[in-house]
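Structure record follows, encoded as structure tokens.
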Amino acid sequence: MNLDTIIFAISAVVAVFGAVMMIGQRNPVASVLYLIVSLVAQAVLYIQLGALFLGAVLIIVYAGAIMVLFLFVIMLLNLRGREDLGAGSPPVSKVTKFVVAGLFVLELGFVVWSGVFPEAGSTGIQSAASEFGSVEVVAELIFMKYLYPFELASVLLLAAIVGAVVMAGRAAVTETDESDDDDAVKEQTVDEVHG
Amino acid sequence: MVTIPAFLIVAVVLFGIGTVGVMISRNIIILFMCVELMLNAANLALIAFSRALNVVDGHVIVFLVLTVAAAEAAVGLAMVITIYRNRETMNIDRFSILKW
């Protein structure tokens, strides 16, 4: 049992543990923190597979930015995990959920188990060239071979920015409109009382 | 020696946990995080395949998936805020506006 195996075992267990704890939490903040634990362990797995750049990106972008966005929304909405989620789904639909999810996982596991990818079984993760997955190699591919998809991704991000602002901003406008109406009604009633 | 299928099994397990979470979660924020987890499991599988074939193209795909995940999180959370303002709840079962 060498060091690679130990690192893999620890990070795999931590990744799965964080994921399981994430869906079991009632408090969304704790859920976010468990997902961050899982993501850090997954970043270790990435680095073990030679993806140094993506391991760093996963921690910076996912654990650093996206999860902070989640925390920000949770705090903006002032959720404390105490609100009543109401009654659960009926038993039939609950069973169906688990059966469908279980079948899907079995299917995936069968694909891996049946060795769709036979030559992968023999190679270990050692013997990677030192520049494999480094910033230079990935950048060269992104900016030469995959330049067009990369530019499309930037357009997608622009669309996402506009979409997010439009969706979250329009609701704010209607809310202020409603409150203005309420004020007007109040003034009217006050006038009536005084009149 | 750690082999590539070991990483694939971890990816499958993570994806399965994400699937189960999407199915059983009633809090829309946790449901969103389960979707992110599934994206990450797919990323792990892509990187493992990329390593097995000794090509870096898979890393570029993972990079693009990360971009899509960021966009999805931004738009999705904006939708969550909008719906929460109207419904005052996080329960996904109450969000059946499109159902008639």
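The values are calculated or read from the model by the stated rules, or taken from the named source; none is laboratory data. Bear in mind that the values here come from a model prediction, so they are computed numbers and not experimental data. Positions of Cβ are generated from backbone atoms using ideal geometry, with glycine treated the same way; all protein chains shown enter the neighbour counts. Note: accessible area is taken over every heavy atom of the protein model, side chains too, but ligands, DNA and RNA are not part of it. Shrake-Rupley method; radii C 1.70, N 1.55, O 1.52, S 1.80 Å.
Some points to look at:
- Backbone N under 20 Å from the A:Phe17 label point (7 Å along Cα→Cβ), restricted to the range B:1-27: B:7, B:9-18
- Cβ neighbours within 10 Å from other chains - mean over B:77-87: 6
- Rolling a 1.4 Å probe across all protein chains gives B:Phe15 an accessible area of roughly 50 Å².
- Between the alpha-carbon centres of the range A:12-72 and the range B:32-79 there is a gap of 13 Å.
- Mean partner shielding of peptide A:51-60, defined as the number of other chain Cβ atoms within 10 Å of each residue Cβ, is 4.
- Chains B and A together bury roughly 6900 Å² of accessible surface, counting both sides and using a 1.4 Å probe on protein heavy atoms.
- Solvent exposure ordering (accessible area, 1.4 Å, most first) of A:Ile59, A:Ile10: A:Ile10, A:Ile59
- Summed side-chain charge close to B:Gly21 - residues other than B:Gly21 whose Cβ falls under 15 Å, Lys, Arg +1, Asp, Glu -1: +3
- For the range B:4-89, a/c is not less than 1.5, where a ≥ b ≥ c are the root eigenvalues of the C-alpha gyration tensor, and a/b does not top b/c. That puts it in the oblate class.
- Protection proxy ranking, peptides B:88-96, B:33-41, average beta carbon neighbours within 10 Å, highest first: B:33-41, B:88-96
- Karplus-derived 3J(HN,Hα) values for the range B:78-85, using 6.51 cos²θ - 1.76 cosθ + 1.60 with θ = phi - 60°, are 4, 5, 4, 4, 4, 5, 5, 5 Hz; glycine and proline are entered as x.
- In terms of packing, defined here as the mean over residues of other Cβ atoms within 10 angstrom, the peptides B:3-10, A:90-97 line up highest first as B:3-10, A:90-97.
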